[in-house]
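Trainee: My questions all concern the structure below.
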Amino acid sequence: MSKVESVAARPAVSTRRHPWSLLFWPIFGPLFWLSRSIDRHFLSYLTGRVVRDRSRIFTIRFVWYGDSVYLHPMIWGSLLLYAVAMTGFAPGWLLLVWFAALFVCYLTIMYNFNVVKSSVLLIGIVAAFGLAYFSTVELSWNPLRAFADHVRWLDADVSPGFYIAAAYLFTALIICEVGWAWLFHRVEIDESYVYEHRFLQGTSREPIFARGLKRETKDLLELALLGAADIQHRTKSGYKRFKNVPFASLWLGNALDSLLDYRRRGEIELQEAGDEAAEQARMQDAVQDLDEMEDDGVDGMDDGVDEEGDDGDE
């Protein structure tokens, strides 16, 4: 039975085994079909999907995101500041910390800071805050004290609800980024082609030239974002990079490597099978030659014995 026939026969088999399922199919059947359709056409790209069997990988699906996904620290950071603000901590310092975190995130996005540069920047900001506090409190003659008094006179303050509203804002921004990625950044890769699906723009297909796919984790900040990495694809006009592909540094990247190595492994197996067949053929030829030599040698020895026997008799 072929694969299509076996798949088509499954509902009939399940119906024979469970006849009561016919009663619930009109109710739960459309929901089951809808959930499978959503998973196939939407969730499989967002979470990354590998279509495979026991011996090979057929396709890999994923989406890639823009740089705004790096603003996710502003979500859980704002929630953390809200919890601290509810304890009665000085609101001015919390607001300053919030703006400093936003500053670090935007610098990381704009200049592609790795984890070392971002850590140095964060340490520098903490050191500047500590020095400013020490200079304005302990050293009253510091010229920056006038500026500190001016900031204190402004009485910049926000309520704890501000941080919750900020978390909502950045959550909406990242949700829009996810939706935009599904609409215009859906990618599907098989053994020979890279398919890019774009909403209302059709699907473009480009071949993989000389296995021109490679994945690269630029820094640990990218790795911390759901194990994301960049995938580079060779095209006719140069190279194309899919940025911030989730799980590309984890199981999705391993599946991609296996997909690219499948044909090479098949060629190696074919070559090894050919070498084995050739070696077997040479061994058979050698055995046949030995048999022929042994037959010739035995005949010669028999002839010699007969001649010697005849000479002895004579």
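The values are calculated or read from the model by the stated rules, or taken from the named source; none is laboratory data. On a predicted model such as this, the values are computed, not experimentally measured, just so you know. All Cβ positions, even for glycine, are placed from backbone atoms using ideal geometry, and neighbour counts span all protein chains on display.
Trainee: Please give the number of the condition K117 fails out of (1) of a type outside the set (A, V, I, L, M, F, W, C); (2) at pLDDT 90 or above; (3) surrounded by 12 or more Cβ atoms within 10 Å (Cβ to Cβ).
Mentor: Answer for K117: the failing condition is (2).
Trainee: How many residues are among the acidic types (D, E) and either modelled with pLDDT of 90 or more or assigned to a loop (DSSP other than H, G, I, E, B) (or both) when one looks only at segment 42-74?
Mentor: Summing the residues that are among the acidic types (D, E) and either modelled with pLDDT of 90 or more or assigned to a loop (DSSP other than H, G, I, E, B) (or both) in segment 42-74 gives 1.
Trainee: I would also like to ask the following. Scan segment 197-230 for residues that are touching a Leu at 6+ places or on another chain (Cβ under 9 Å), assigned to a strand (DSSP E or B) and under 16 Å from D67 (Cβ atoms) and jot them down.
Mentor: A229
Trainee: Of everything in segment 183-195, what is out of contact with any helix residue (DSSP H, G or I) (no Cβ under 6 Å at 6 or more places or on another chain) and either surrounded by 19 or more Cβ atoms within 10 Å (Cβ to Cβ) or within 15 Å of P246 (Cα to Cα) (or both)? Give them in sequence order.
Mentor: Once the filter is applied, which keeps residues that are out of contact with any helix residue (DSSP H, G or I) (no Cβ under 6 Å at 6 or more places or on another chain) and either surrounded by 19 or more Cβ atoms within 10 Å (Cβ to Cβ) or within 15 Å of P246 (Cα to Cα) (or both), segment 183-195 yields H185, V187, E188, I189, V194.
Trainee: Separate question: Quick one: is A248 under 18 Å from Y65 (Cα atoms), part of a loop (DSSP other than H, G, I, E, B) and not polar (S, T, N, Q)?
Mentor: Taking the combined requirement at face value, the residue satisfies it.
Trainee: Conditions: (1) closer than 30 Å to A255 by Cβ; (2) modelled with pLDDT of 85 or more. I125 meets all but one. Number of the miss?
Mentor: (1)
Trainee: Next question. So, in segment 205-249, how many residues would count as being surrounded by fewer than 18 Cβ atoms within 10 Å (Cβ to Cβ), in contact (Cβ under 8 Å) with a residue 40 or more places away in the chain and under 20 Å from S192 (Cα atoms)?
Mentor: Residues flagged as surrounded by fewer than 18 Cβ atoms within 10 Å (Cβ to Cβ), in contact (Cβ under 8 Å) with a residue 40 or more places away in the chain and under 20 Å from S192 (Cα atoms) within segment 205-249 amount to 2.
Trainee: Here's another thing I want to ask about it. Can you name the number of the only condition in (1) part of a helix (DSSP H, G or I); (2) in contact with a helix residue (DSSP H, G or I) (Cβ under 6 Å, 6 or more places away or on another chain); (3) aliphatic (A, V, I, L, M); (4) over 30 Å from F247 (Cα atoms) that L79 fails?
Mentor: (4)
Trainee: Any chance segment 75-83 includes a residue that's buried (at least 18 other Cβ atoms within 10 Å of the Cβ) and either of a type in the set (G, A, S) or modelled with pLDDT under 85 (or both)?
Mentor: Yes - at least one qualifying residue is present in segment 75-83.
Here's the yes/no breakdown for (1) surrounded by 13 or more Cβ atoms within 10 Å (Cβ to Cβ); (2) over 13 Å from A255 (Cβ atoms); (3) acidic (D, E):
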| site | (1), (2), (3) |
| --- | --- |
| F28 | no, yes, no |
| F32 | no, yes, no |
| I38 | no, yes, no |
| V50 | yes, no, no |
| R61 | yes, no, no |
| H72 | yes, yes, no |
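Trainee: Now a separate question. Say we look at segment 84-113 and pick out the residues that are at pLDDT 85 or above and among the hydroxyl-bearing types (S, T, Y); which of these is nearest to D219 (Cα to Cα)?
Mentor: Only one residue tops the list, namely Y106.
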